[in-house]
Amino acid sequence: MGSYCYDRGVEVVKIRPRGYCHGVVEAVRALRQAAEEHEGEPVAMLGYLVHNEHVTREFADRGVRLIDAPSRLEALEEVTEGTVVLTAHGVSPEVKDRARAKGLNVVDATCSDVVRTHDLVQRLTADGYTVIYIGKVGHPEPEGVLGEAPGMIHLVQSLDDVESLELSTPKLAVTTQTTLSVWDTQSIIDRLQQRFPHIEVHNEICSATQDRQQAAVEAAKECDVVIVVGSSRSSNSQRLVQVVHELAQRPAYLVDTVADLKPEWFVNCQRVGVTAGASTPTILTREVIAELETMGTPAPLTASPDPARA
Ligand code: SF4
C-alpha cells in the first residue's frame, strides 16, 4: 500500500434498502429462542444460519454448536441428541425425515421465500414437469431444493450447462435460487427459451434480493465507489458487488468489517455508496459508515522535488 495524504471528507451515500432481510431476521429470532429455551442442553445449527461469521460467533458464545459439512445430511449425522436448527436456506425432505427419525427436536428456520420455491418444485414435478434450477453449485439452498425431486430437477449455473442439457420432455419449467441476480439469470433463461421454446419460466429471486440490487445499481451511478458490507460466503453480498460492477460500471468492494477498508480505494473519491448483504448485522454496516464519514479523501503523495538539485 502506498502513501496517502488526506484532504476534505467523502460524502457517504447510505443506500436503502440494505442489510437484514425478513428471512434472516426470522431465522436469527428462531435460533435465539431455541438457545434460550434449551439452555444447558445440546443445540446444533446445521450449517451457517446465515452466511455471516459474526452471527455465527454470537451463537457459538451462547453454546450453539455449528456443524459445517459438505452436505446437510452429512452434518446431521454428527447430531445425536437435543435440538437441531435448520437454516434459512432450507433443507431437503430427506434431511427433515432423518432428523425426526433420530428423535431430534427440529427447529425449522427456513425462509418463507425459500419454502415457496420448494412448494413450486413439488407442484411442478407432481404434475409431471422436469425442472431446470438455476443456482450455485455447492450452496445449501440448491441442495435443499434439488432434494425435493431427485432425478426430475437439473441444476445449471452457466450457459455451458444449458448446452449440455439433453431433454425431450414436453413439460419443462425453469426456476431460480432466491439470492441470484435477475441480470445473471436472464442470459441463461434466454438461452433455455431458445433451446426449449415451450419452457415455463418461474423467477424465484426474492424481492429482498432484487430490491437491494436495484437500489445499489441506481445509487452507484451517482457514486465513485461502492462498499458492500458482507461475508465472502454470502451469495447475495457477492451479487451486490457484481451488479454494481456490471450494471453501474463502478468499482465495488466487499468488506466483512471496517478493518477491511483500504485507503487506496478512495483516492480522489467524492461520493461513496454503502450497502450491505441480507445477512449482514446492522452494527457492522454502521461501523463502516462511521469510519467513512470521518475519513478524508486520500490522495496519493506526489514526489517532492529533490532540494539538492534545486
Ligand atoms: S435473501 Fe431472500 S430468500 Fe434469503 S433469507 Fe433473505 S428474504 Fe429469504
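The values are calculated or read from the model by the stated rules, or taken from the named source; none is laboratory data. Computed from a predicted structure; not experimentally measured. Glycine gets a Cβ as well: all are built from the backbone with ideal geometry, and neighbour counts include every protein chain shown.
Points to keep in mind about this one:
- Restricting Ala34, Ala69 to those that are part of a helix (DSSP H, G or I) and modelled with pLDDT of 90 or more reduces the list to Ala34.
- Residue list for the range 214-247, restricted to those being more than 19 Å from Leu284 (Cβ to Cβ) and either of a type in the set (Val, Ile, Thr) or in a strand (DSSP E or B) (or both): Val217, Val243
- The range 214-230 - residue that is surrounded by fewer than 24 Cβ atoms within 10 Å (Cβ to Cβ) and within 16 Å of the ligand (Cβ to nearest atom) and, of those, nearest to Val288 (Cα to Cα): Ala215
- Residue within the range 16-38 that is away from the ligand (no atom under 16 Å from the Cβ) and on the phi > 0 side of the Ramachandran plot present: no
- All conditions in (1) buried (at least 18 other Cβ atoms within 10 Å of the Cβ); (2) more than 28 Å from Asp68 (Cα to Cα) hold for Pro142, with the sole exception of (2).
- All conditions in (1) exposed (fewer than 15 other Cβ atoms within 10 Å of the Cβ); (2) within 30 Å of Val228 (Cβ to Cβ) hold for Glu81, with the sole exception of (2).
- Some residue of the range 227-243 being farther than 16 Å from Thr275 by Cα and not assigned by TED's automatic domain parsing to the domain that holds Gly90: yes
- Taken as a whole, the condition of being under 15 Å from Ile205 (Cβ atoms) and at pLDDT below 95 applies to Leu180.
- Complete set of residues in the range 240-275 that are among the β-branched types (Val, Ile, Thr) and either more than 14 Å from Met295 (Cβ to Cβ) or at pLDDT 95 or above (or both): Val241, Val243, Val244, Val255, Thr257, Val258, Val272, Val274, Thr275
- Exclusive hit being touching a residue at least 12 places away in the same chain (Cβ under 8 Å) and over 30 Å from Glu141 (Cβ atoms), set Asp256, Asp211, Asp224: Asp224
- Candidates are the residues of the range 231-269 that are under 25 Å from Leu180 (Cα atoms) and among the basic types (Lys, Arg); the one that is farthest from the ligand (Cβ to nearest atom) is Arg250.
- Residues in the range 193-208 that are more than 20 Å from the chain's Cα centre (by Cα) and part of a loop (DSSP other than H, G, I, E, B) were compared, and the one that is surrounded by the fewest Cβ atoms within 10 Å (Cβ to Cβ) is Pro197.
- If the condition is being within 16 Å of the ligand (Cβ to nearest atom) and not β-branched (Val, Ile, Thr), then the range 182-194 contributes only Asp184.
- Criterion: within 28 Å of Tyr48 (Cα to Cα) and either part of a helix (DSSP H, G or I) or touching an Asp or Glu at 6+ places or on another chain (Cβ under 8 Å) (or both) - qualifying residue of Asp211, Asp190: Asp211
- Selected residue (criterion: nearest to the ligand (Cβ to nearest atom)) from residues of the range 42-65 that are over 21 Å from Ala101 (Cα atoms) and of a type in the set (A, V, I, L, M, F, W, C): Val50
- Any hit, the range 158-174, residues being within 18 Å of the chain's Cα centre (by Cα), crowded, with 18+ Cβ neighbours inside 10 Å and outside the structural domain of Glu81 (by TED's automatic domain parsing): no
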